[in-house]
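Notes for the one structure printed next.
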Amino acid sequence: MQFQQLQYFVAVAETRHFTRAAELVHVAQPSLSQQIKALERELGADLFQRARGNITLTDAGEALLPLARRILADTETARYEVQELVQLRGGRVRLGATPSLCTGLLPDVLRAFHDRYPGVRLLIEEGGSHDLVRELARGALDLALVVLPLPTPSPALTTVELLREDLVVVSSPEASRPGNGRRTVRIADLEGERLVMFRHGYDLRELTVAACRAEGFEPDFAVEGGEMDAVLGFVRAGLGVAVVPRMVAARSGRGLRVTPLARPGLHRAIALAHRSDVAPPRAARELQRMLLER
């Protein structure tokens, strides 16, 4: 039994006419008829009743038709999936992420993705969650790594939580340890500490300020307005302390003292977001899979 024979069989079954079926599959009518007869010989049963130009399915034909359609559909699906994989030799993925995630989470995943699909261009946009949600909504990004809860919940976005990350306090080893030298720091211990603070619109800024206010004090900023690299640099220089994600602190190298926050501490939830009404491109779905399985 050949794929082409099943294709011809379904065409005749749907048109109930050999000539029209031949035109549909772009083959000469005698060739189509010969292939149908060969299929009938192989199966040992007539598939069509041919009476005065009226073509109808026999019981054997009725039994074969749904199976043949399923085989053809599965074959088309297989062809499509292979073509999609082949397309991963090229294309692009537009990924948005907060600066701290670009520093902490993404490097290892992007390296693995690039090693597997070197022909796919990776376009990264850094920004706060609010900006990234807006860029997703207008179709400028395929995926975005955002901090939950979203600043403006949107039913047009689908989010999948990736991880919950602890926040820690970083300081210069040459400065006195925050919290009077204890091995862990409470948020209340940050009262009186000079903080190196991120720019407005930065998720970590809003989280830190809210935690300080919940403890009854306003944070004292030594310097503010920086992105992640600038904040870490200012802390190394001894300008103050900062609250940053644990992954960022772990990758920051020498020149920083890392002090955990005492329980219950501070945490943030990281999610992968994409538009609900449009499926991400194949390359983006592959990156999405690697992020979820990391």
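The values are calculated or read from the model by the stated rules, or taken from the named source; none is laboratory data. All figures in this text were calculated on a predicted structure; none of them were measured in a lab. Reconstructed Cβ throughout: ideal geometry from the backbone, glycine too, with neighbour counts over all protein chains shown. For accessibility, only protein heavy atoms count, side chains too; no ligands or nucleic acids. Shrake-Rupley method; radii C 1.70, N 1.55, O 1.52, S 1.80 Å.
With labels modelled as points extended 7 Å from the Cα through the Cβ direction, what inter-label distance (nm, one decimal) is found for GLN83 paired with ALA137?
Here the modelled spin labels are 3.5 nm apart.
Sticking with the crude label model, points 7 Å out along Cα→Cβ, report the distance from ASP166 to ARG183 in nm, one decimal please.
It works out to 1.2 nm between the two label points.
Determine the relative contact order of the range 150-222: mean sequence separation of Cα pairs under 8 Å and six or more apart, normalised by residue count, in whole percent.
Worked out over the range 150-222, it gives 25 percent.
Which residue, ILE36, PRO281, GLY96, has the largest displacement toward the positive end of the dipole of the chain when charges sit on each Cβ (Lys, Arg +1; Asp, Glu -1)?
Ranked along the dipole, the leading option is ILE36.
Express the accessible area of the range 1-43 per residue in Å², computed with a 1.4 Å probe while the remaining protein chains stay in the model.
Working: 2420 Å² over 43 residues.
For the range 1-43, the per-residue accessible area is 56 Å².
Roughly speaking, to the nearest percent, how much of the chain's 1.4 Å accessible area is carbon and sulfur?
49 percent
Principal axes first, then extents: for the Cα atoms of the range 1-65, list largest minus smallest coordinate on each axis, whole Å, largest first.
27, 26, 17
Relative contact order for the range 105-212 using alpha-carbon pairs under 8 Å, separation at least 6, rounded to a whole percent?
That works out to 20 percent.
If you project the alpha carbons of the chain onto the principal axes, what extent comes out on each, in Å, largest first?
99, 34, 31
Per residue of the range 55-62, what does 6.51 cos²θ - 1.76 cosθ + 1.60 with θ = phi - 60° give for ³J(HN,Hα)? Whole Hz please, x for Gly and Pro, Karplus curve as stated.
In residue order, the calculated couplings are 9, 10, 7, 7, 4, 5, x, 4 Hz.
Using a 1.4 Å probe and ignoring any ligands, DNA or RNA, find the accessible area of PHE48 and quote it in Å² to the nearest 10.
Counting only protein heavy atoms, the figure is 10 Å².
What 222 nm value per residue comes from the helices of the chain, counting each DSSP H run with n ≥ 4 as -39,500 (n - 2.57) and dividing by all residues, nearest 500 deg cm²/dmol?
It comes out at -13500 deg cm²/dmol, rounded to the nearest 500.
Using the crude model of +1 on Lys and Arg Cβ and -1 on Asp and Glu Cβ, and no other charge, please compute the dipole size for the chain relative to its Cα centre, in debye to 20.
420 debye
ARG92's amide H: which non-local residues (gap 5+, or another chain) put their own amide H closer than 5 Å, with H modeled 1.01 Å from N in plane and none for Pro or chain starts?
ARG121
Nearest 5 is fine: what % of DSSP beta bridges in the chain come out antiparallel, could you say?
Bridges in the chain are about 60 percent antiparallel.
With 21 Å as the cut-off, how large is the P(r) tail for the range 124-213, expressed as percent of Cα-Cα pairs?
45 percent
Using mean Cβ contacts within 10 Å as the protection proxy, how do 156-167, 238-249 order, highest first?
With the highest mean Cβ count within 10 Å placed first, the list reads 238-249, 156-167.
Given H placed on each backbone N at 1.01 Å, which residues far from ARG199 in sequence or on other chains put an amide H within less than 5 Å of it?
GLY225, GLY226
Given H placed on each backbone N at 1.01 Å, which residues far from VAL241 in sequence or on other chains put an amide H within less than 5 Å of it?
Counting only residues 5 or more places away or on other chains, the set is ARG194, LEU195, VAL196.
Quick one: grab Rg to one decimal and Dmax as a whole number for the range 70-155, Cα atoms only, in Å.
16.4, 49
Please give the per residue accessible area of the range 233-294, computed with a probe of 1.4 Å over protein heavy atoms only, in Å².
48 Å²
When only Cα pairs under 8 Å and 6 or more residues apart are kept, what is the percent relative contact order across the chain?
21 percent
Per residue of the range 275-291, what does 6.51 cos²θ - 1.76 cosθ + 1.60 with θ = phi - 60° give for ³J(HN,Hα)? Whole Hz please, x for Gly and Pro, Karplus curve as stated.
So the J values, rounded to whole Hz, are 5, 6, 8, 9, 6, x, x, 4, 5, 5, 5, 5, 5, 4, 4, 5, 5.
Could you work out the equivalent-ellipsoid semi-axes for the range 196-294, taking the square root of 5 times each eigenvalue of the Cα gyration tensor, largest first, in whole Å?
Computed over the range 196-294, the values are 31, 17, 14 Å.
How much length is gained if the chain between GLU23 and ALA210 is pulled fully straight, taking 0.36 nm per residue apart and subtracting their Cα-Cα distance, in nm to one decimal?
60.2 nm
How many angstrom lie between the Cα centre of the range 20-82 and the Cα centre of the range 213-272?
Spelled out, the Cα-based centre of one part sits 68 Å from the other.
Plugging the Kirkwood radius over Cα pairs into Stokes-Einstein for the range 152-200, at a temperature of 4 °C and a viscosity of 1.567 mPa s, what D comes out in µm²/s?
Roughly 90 µm²/s, to the nearest whole number.
Averaged per residue, what accessible area in Å² does the range 75-214 show with a 1.4 Å probe, protein chains only?
Numbers: 7190 Å² over 140 residues.
Result: 51 Å² per residue.
Just read off the accessible area of ASP277 with the full protein assembly in place, 1.4 Å probe, to the nearest 10 Å².
110 Å²
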